[in-house]
Amino acid sequence: MEQFEFVHLDEDRRDQYEQLNDWTWPSTFTPEQQRALPFPFDPEHTLGFADGDRLAAEAAFYPFPDLAVPGGRVRANGLSTVAVHPSYRRRGLLRSMIERYFEMSIARGDALSLLTAQEYGIYGRFGYGHASDTLTLRIPHGTRLVAPRDGGGAPPVLDFDYADPDRDAAFIHRVQRAQDRPGTPVRELDGFQRRALIGEPLPAQPVRILRVGAEGAPAAYALYTRPHADASAKTLTVFEWNALDARAEHALWQALVEKDLIETVVAMHVPTDSPLLSLLPDPRVAEPALRDDMFARILDLPACAEARRYGADLDLVLRVDDPVLEANDGRWRLRIAEGRGSAVRAEGEEPDLALSMSQLSAAYLGRPVIAAQARAGLLEERTRGAADALHRALIWPEQPAATWGF
């Protein structure tokens, strides 16, 4: 790779950052308007390569220090805003940034990396695997959702308003922190939270919020927009939401589909096993559209193995092919007993199953993919039944998903 200066993105480079992102990410905001928004990252969570006074490439990440994984928590982060200026393509900058990012993450003690990919095929070569799916629904106005069984207590309290960072950031943070769905990230940085509440998810009117409280505590929220007066003005788009139980989820969506002067509620980031799917009287009418959600990448295999819980006992030797991190590459004995697991080096032992870091990472949060990949001939099973055994251990009753994008 050519010689570029490695830099962090502090305020002195904010204009360069906004200009590069204007080349990469479509927006109705000018770079000057973007510059007026809160910077969503801390400088130490950023990296870039500068060519004089131009930023040739940049990336940044959000800390997720207590990320929910199946039955536990792990220290993680979320990679975001990866961009290379069009004048510097095909020069190895992306690989150099990812390798430097891995070094920074491991030095911080982060065991897992998450990202959402604009293009599906980019990150597999760096060890990322397709770890979750979500749905987009188009729910007709006036739909009567099936009500969950009444668990007692006061009915949820609903409040519609325009989003206000000073008031709503803490409410959203409490809901996110209370959620235990695997892979659900939490916005810990103030600038990140504020930008989400005043930024520009779609060309639309200002961001609005529906808050749902239960027993005096935050139970759910939805951030949504309504377009300006045009052909799509009767569409309400929910681009971020979260609910802590089925009762709160029912109250949230029932209130949204009953709003006046709306024909369709577009629900984005709906987990494939969300209670909402069971509450719809006819899911077909909502035209569910599936798309990939998060990609995961194990950075520290022993730490990740210990952090989560498992659905079956196991004792297998895995041959893990890691194309970037030598510390993960090689043979590992994965032992699971009474729901707890460990991974220790097993060099010299014959592997039961050979797979890539991308394949293992895709299954880490509980997505049921190992058995299907084995049947497709994409894993090397050296002990009969090893893939099914690993599949049973890794799957989880609640599917991984993020109900907002980062």
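Listing for the model above:
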{"read-out": "Alpha-carbon centroids, the range 53-129 and the range 370-397: separation in whole Å", "value": "27"}
{"read-out": "Burial ranking of peptide ranges 157-164, 61-68 (average Cβ count within 10 Å, highest at the top)", "value": "61-68, 157-164"}
{"read-out": "For Thr237, residues with placed amide H under 5 Å, excluding near neighbours", "value": "Thr225, Val266"}
{"read-out": "Integer Hz, Karplus 6.51/-1.76/1.60 couplings in order for the range 243-249, x for Gly and Pro", "value": "9, 8, 7, 5, 5, 5, 5"}
{"read-out": "For Glu119, Glu103, order by how many other beta-carbon atoms lie within 10 Å, fewest first", "value": "Glu119, Glu103"}
{"read-out": "For Ala219, distant residues with modelled amide H under 5 Å away", "value": "Val212, Gly213, Ala214"}
{"read-out": "Over the chain, relative contact order from alpha-carbon pairs under 8 Å, at least 6 apart, %", "value": "19"}
{"read-out": "The range 270-284 - phi-based ³J(HN,Hα) in whole Hz, Karplus 6.51/-1.76/1.60, Gly and Pro as x", "value": "8, x, 5, 10, 4, x, 4, 5, 7, 7, 6, x, 8, x, 4"}
{"read-out": "Per-residue Cβ neighbour rank within 10 angstrom, fewest leading, Val324, Val146", "value": "Val146, Val324"}
{"read-out": "About the Cα centre, charge dipole magnitude for the range 5-110 (Lys/Arg +1, Asp/Glu -1 at Cβ), debye", "value": "500"}
{"read-out": "Least to most buried among Ile209, Ile298 (fewest other Cβ within 10 Å first)", "value": "Ile209, Ile298"}
{"read-out": "Note, ³J(HN,Hα) from phi for the range 125-135, Karplus 6.51, -1.76, 1.60, rounded to Hz, x at Gly and Pro", "value": "6, 9, x, 7, x, 5, 9, 7, 10, 9, 10"}
{"read-out": "Whole-angstrom Cα spans of the range 5-110 along principal axes, big to small", "value": "44, 30, 23"}
{"read-out": "Point-to-point label distance, Glu119-Arg382, nm (Cα→Cβ direction, 7 Å offset)", "value": "3.6"}
{"read-out": "Evaluated over the range 300-394, the Cα radius of gyration and Dmax, each in Å", "value": "11.9, 32"}
{"read-out": "Within the range 40-146, trypsin sites (Lys or Arg not before Pro) in DSSP loop having at most 16 other beta-carbon neighbours inside 10 Å", "value": "Arg89, Arg90, Arg91, Arg144"}
{"read-out": "D_trans [Stokes-Einstein, Kirkwood Rh over alpha-carbon pairs] for the chain, 10 °C, 1.306 mPa s, µm² s⁻¹", "value": "70"}
{"read-out": "Ordering of 282-291, 381-390 by packing [mean C-beta count within 10 Å, highest first]", "value": "381-390, 282-291"}
{"read-out": "Volume of the Cα convex hull of the range 134-292, divided per residue and given in Å³", "value": "118"}
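Rule-based calculations on the coordinates, nothing more; no lab input. Just so it is clear, the structure is predicted and the values come from calculations on it, not from any experiment. So basically every Cβ, Gly included, is an ideal-geometry build from the backbone, and we count neighbours across all protein chains shown.
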